[in-house]
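Heads up, the thing below is written out as structure tokens.
The values are calculated or read from the model by the stated rules, or taken from the named source; none is laboratory data. Computed from a predicted structure; not experimentally measured. Methodologically, a virtual Cβ is constructed for each residue, glycine included, from the backbone with ideal geometry; neighbour enumeration extends over all protein chains shown. Ligands, DNA and RNA are excluded from the accessible area calculation, which covers all protein heavy atoms including side chains. Shrake-Rupley method; radii C 1.70, N 1.55, O 1.52, S 1.80 Å.
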Amino acid sequence: MSTDLMVSGIGVVTPWSDRAGEAAHGPREAGPEPWFDHRERLGPRGYKYLPSATQYLLAATRQALADAGEPEQQEERRGAAVGTNSAAVAVHTAIDATVVAEGARMLNPATAPYFSINLFGSRLATEHALKGFNLTLTSPRVAGLEAIEAGSRAVGLGRASWLLAGATEEALPEGDPGARTSERGAVALVLEPADRLRARGVRGYGHCAARSLFLPPRAAAGAADRLRGRIAALLTELGLPEGRPHRTVAVVDDSPVAAAVSAALGTGATRVEAGAGSLEPVLQVAGALAEGEGPVAVVTAAGEGNLAVVLATPPERT
């Protein structure tokens with residue numbers, strides 16, 4: 001079973017921009033601190049003790065829902081899939097420090113439950129009555145794109161008819177190996193069946209479909225030719241007609257796996273430095289959808305071997 005899903009709403013909350021169109025193309029320069037006030041974004045009560053990554057995700061979701069308009073009315077038909085790599089790192093660091101210095105009895109009961117990565121999306125599900133399913137994905141760098149893939153597959157299997165997918169990250173503590181490129185913020189996308197959008201008279205941002213795969217790091221050397229064919233096959237599977245012009249964005253680091261991806265994509269791809277988490281690839285997808293200029297393929301890879309390909313296709317102009 002498959003469902004023709006289209007993006008109807010986009011929400012972006014980062015230190016650089018709150019507008020999806022600037023998410024992919026604006027300068028990565030943080031504004032004056034504090035850049036995020038949960039009281040202004042979410043309300044004066046009930047959010048103070050939530051971890052920052054949850055606050056970002058809730059704020060991005062509010063933007064996306066306001067952008068999408070009418071939600072699915074049946075709560076059991078609403079699903080959510082969220083990717084993250086570092087949402088819990090700051091919480092874990094604080095828990096470790098408290099236990100070592102003062103003992104477990106001094107843990108904050110409001111924040112301690114967030115040692116579980118699944119809780120970062122559970123508040124989202126309860127606040128917006130997303131009762132169809134609630135997934136959290138954590139694969140390195142590709143988690144946000146896997147959220148689109150896994151969530152869309154679950155909708156296609158009939159487990160929901162409306163999807164909130166995205167990613168959220170919090171900055172890594174100073175001294176962490178990835179702190180230099182750590183990310184903070186969230187992106188949320190609302191995906192609905194195309195026929196529902198047409199019935200509402202909404203054009204939407206277009207289609208967004210993802211596939212993930214794995215390249216063992218030990219096999220990365222010399223894998224470019226094979227990977228080139230695999231990426232091309234995935235784009236065809238995602239709906240890109242053979243030979244149709246499209247723009248390609250590669251979100252990569254300096255790992256051997258990313259080098260193989262860069263070689264496979266060739267010199268025509270736009271290269272964007274990957275952050276330590278899963279946020280940048282989803283920001284690129286949001287920016288491509290908001291820009292609405294032709295199909296855009298976003299390809300990303302992590303040194304651990306995780307790869308993902310997303311095709312963002314704006315609706316035909318009329």
*Can you give the accessible area per residue of segment 206-313, in Å², using a 1.4 Å probe?*
39 Å²
*Determine the sum of side-chain charges near residue 72: Lys and Arg each +1, Asp and Glu each -1, restricted to other residues whose C-beta is under 11 angstrom from that of residue 72.*
0
*Once a ≥ b ≥ c are taken as the square roots of the eigenvalues of the Cα gyration tensor of the chain, is the result rounded (a/c under 1.5), prolate (a/b larger than b/c) or oblate (a/b not larger than b/c)?*
oblate
*With Cβ to Cβ distances under 9 Å as the rule, what net charge do the other residues near residue 184 carry (K, R +1; D, E -1)?*
-3
*Please calculate how many Å² of accessible area segment 83-124 carries per residue, with a 1.4 Å probe and no DNA, RNA or ligand atoms counted.*
52 Å²
*Give the share of C-alpha pairs in each 5 angstrom bin for segment 172-318, from 0 to the last occupied bin, in whole percents, shortest bins first.*
2, 9, 18, 20, 19, 14, 9, 5, 3, 1, 0
*Relative contact order (percent, whole number), the chain, Cα cutoff 8 Å, 6+ residue spacing*: 24 percent
_I'd like the carbon and sulfur percentage of the solvent accessible area for the chain, probe radius 1.4 Å, heavy atoms only, ligands and nucleic acids excluded._
52 percent
*Using DSSP, restrict attention to beta bridges with both residues in the chain and report what percent are antiparallel, rounded to the nearest 5.*
60 percent
*asked:* Within 12 Å, Cβ to Cβ, of residue 138, how many net charges do the neighbouring residues add up to if Lys/Arg are +1 and Asp/Glu are -1?
replied: -2
_Debye, to nearest 20: dipole size of segment 159-316, +1 on Lys, Arg Cβ, -1 on Asp, Glu Cβ_ = 580 debye
_What's the magnitude of the charge dipole for the chain around its Cα centre, counting Lys and Arg as +1 and Asp and Glu as -1 at the beta-carbon? Answer in Debye, nearest 20._
580 debye
*Extending each Cα 7 Å along its Cβ direction at residue 101 and residue 233, get the distance between those two points in nm, one decimal.*
5.4 nm
_Pairs of alpha-carbon atoms within less than 8 angstrom and 6+ residues apart define the contacts here; what relative contact order does segment 133-271 have, in percent?_
19 percent
_For segment 265-276, Karplus couplings with θ = phi - 60° (6.51, -1.76, 1.60), whole Hz, Gly/Pro x_ = 7, x, 6, x, 7, 7, 9, 10, 5, 6, x, 6
*Apply 1/(1 + (r/R0)^6) to the Cβ-Cβ distance of residue 126 and residue 39, taking R0 = 25 Å, and write down the FRET efficiency to the nearest 0.05.*
0.80
